[in-house]
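Written below as structure tokens is the structure these notes are about.
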Amino acid sequence: MVRVLAISAVVLALTGAHASAQTAREQIVAGYDLLHRGDSAGASRHFEALQKSAPSDLAVRYGWLMVERDRIDFDPARMAPFEKALDGIIDLAEARYGRTLFYLANAHLMRAAFRFDHDRGMWGAARDGANAKSYIDTYVKKYPEDVDAYLVLGTYNYFADVLPTLFKVLRVFLFIPGGDRVAGLKQLERATKGALFGPEATRMLMDIYTEFEGKPEDAVRLGEGLRAQYPASDEVARALAEVYAGPSLEDHARAAELYGSIAARHASETSAEGRAMRYRALFAHAAQLQESWRLDDAIAVLTGGIDSAPADPAWILPQFLLRRGNLRALLNEANAAEDARRMLKEITDPVWRKAATDQITWIDQRRASGDAARYAALIAANRLAAEGQWQEARRLYDAIRAREPQNLNVQYRLAILDLESGVADRAAGAFAQLAVNRSASTQIQSMSLLYTARLHDLAGRRAEAVRVYKQVIDRYEKERAAGLARAALLAPYRRRAPAKTEGERASLKDV
């Protein structure tokens, strides 16, 4: 769902108030401006140049860490120097202490996020989090006017309060100082005014508003404003795409457009890092097209990536082939297994070869059982429903149901159609039946129970909604529905209002 601690790392910051002179401050600001505008390579070179003349300057060293924290995801060779530098700045700040509490707190929280995100130990991450909390509390008491410091404080307070609700594995955080969701949110909102790190705080709030606070419209407002300010930033475009693709909006067309813009921006990249950025964006673009049931368009995007796939990074070609094979199988195309067979001929890595073999087996089993044909028959109606053409979609669904009255997939899709088109009572009855139908797949049962809870929320029955969300979590812990239910425990489910008029909704009941 959300890389919560990794998101925490994004807001670790320093402030111009710590620069020893105005010229030094301007140099730090210039480096961060490069980062916000999407030039991470330029920002890295900028801070590396500053370090040559000031190797012990905490502000400079922290600036380099802020740039590199995301680049390590694209180039594993950067991870060891990053980790060494992160440990080093903590040692240096601890030796100085005093006003360097700011950097000490930031570095500990950054290391907590790094340890969590890269599997370096949960307990070590928890200890770093506790240290960050202690240091930043002391610092803010001395320097309450330092707006940028509230990024760290707000991040800790907010997530330390909500994480145990979201992930059982993070119950370890019960042993560190407690957080305060309300105070943390206010602190993060205050941090958006920071001279250097307003954009970082804004991206954090976009995610929080969407995932946990039930304020998707506010997230869109912040995101579109930030994108207008930093049109060349991949991070801003990606964060905004995630808002549009989230469960409250499900505007996959806009999300696809944003991912497409990232891919286009890196179309001529020659570095391994630049190529990785482009192909990750292409992959996400295809995924959003798939969510819109535009499977042919998604295949076209993947095919473009396959035809131009470089040898480095090595994951690009096999990942794209597997996804294209998956989409072709969903369409029940005769050539669905060709991509997997190509992998077995061209790729020697055992992990990818196993994935290809498993995909061929899956394709054969779906065809033999008839599931492939039944699924493919629904795709045209699913796309019409996604586009809001509800009456046309219903006609196609009804035709399938007439042929196969026991087809649970079409019953599930009709229930979603009722929910989307505003026929809530009928949707509630269908979801209630599917949730307890033992012949239905686990996915259909779990999502039907989730939709039952959401309908309670939409009707203002919050207590009943919470009760059902907890049932989803208890019964289907490993299913996607459980993650969505945990987030819904924090704030009532909301979604955009149906576009149909009352008269049109009434007519749907008689279709």
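Full extension of the chain between A373 and L490 gives 38.1 nm of extra length, using 0.36 nm per residue less the Cα-Cα distance.
Normalising the average separation of contacting C-alpha pairs (under 8 angstrom, six or more residues apart) by the number of residues puts the relative contact order of region 320-394 at 27 percent.
The spacing between region 439-497 and region 222-258, judged by their C-alpha centroids, is 25 Å. Compared with the direct C-alpha span, the chain from E477 to Q406 gains 22.8 nm at full extension, assuming 0.36 nm per residue. Accessible area per residue was computed with a 1.4 Å probe on protein heavy atoms; S56 scores about 50 Å².
With a Förster radius of 56 Å applied to the C-beta separation of V29 and D312, the computed FRET efficiency comes to 0.95.
Note on region 300-314 and region 144-163: Cα centroid distance 41 Å, given to the nearest whole angstrom. On a 28 Å Cα-Cα criterion, which of the cross-link pairs K354/K478; K84/K215; K345/K478; K133/K470 come out too long? Check vs 28 Å cut-off fails for K84/K215; K345/K478; K133/K470. Here the calculated FRET efficiency for D349 and A267, from their Cβ-Cβ distance with R0 = 35 Å, stands at 0.80, rounded to the nearest 0.05. Computed on region 257-333, with alpha-carbon pairs under 8 angstrom and 6+ residues apart, the relative contact order is 24 percent. Take region 224-345 with all the other protein chains still there, run a 1.4 Å probe, and you get 39 Å² of accessible area per residue. Subtracting the Cα-Cα distance of A399 and K84 from 0.36 nm times their residue separation leaves 107.1 nm of extension gain. Can you compute the FRET efficiency between A424 and R45 using 1/(1 + (r/R0)^6), with r the Cβ-Cβ distance and R0 = 60 Å? Round to the nearest 0.05. The value I calculate is 0.60.
Using alpha carbons only, how many angstrom separate the centre of region 189-215 from the centre of region 41-77? Cα centres, region 189-215 to region 41-77: 24 Å. In the context of the full protein assembly, F47 retains an accessible surface of approximately 0 Å², using a probe radius of 1.4 Å and ignoring ligands and nucleic acids. Accessible surface of the chain, 1.4 Å probe: 51 percent of it comes from carbon and sulfur atoms. Across the chain, Cα pairs under 8 Å and at least six residues apart give a relative contact order of 10 percent. Residue ranges 270-276, 381-387 sort as 381-387, 270-276 when ordered by packing (mean number of other C-beta atoms within 10 Å per residue, highest first).
The values are calculated or read from the model by the stated rules, or taken from the named source; none is laboratory data. All values derive from a computational prediction rather than experimental measurement. Here the Cβ is made from the backbone with ideal geometry for all residues, glycine too, and neighbour counts use every protein chain on show. Surface accessibility is based on the protein's heavy atoms, side chains included, excluding ligands, DNA and RNA. Shrake-Rupley method; radii C 1.70, N 1.55, O 1.52, S 1.80 Å.
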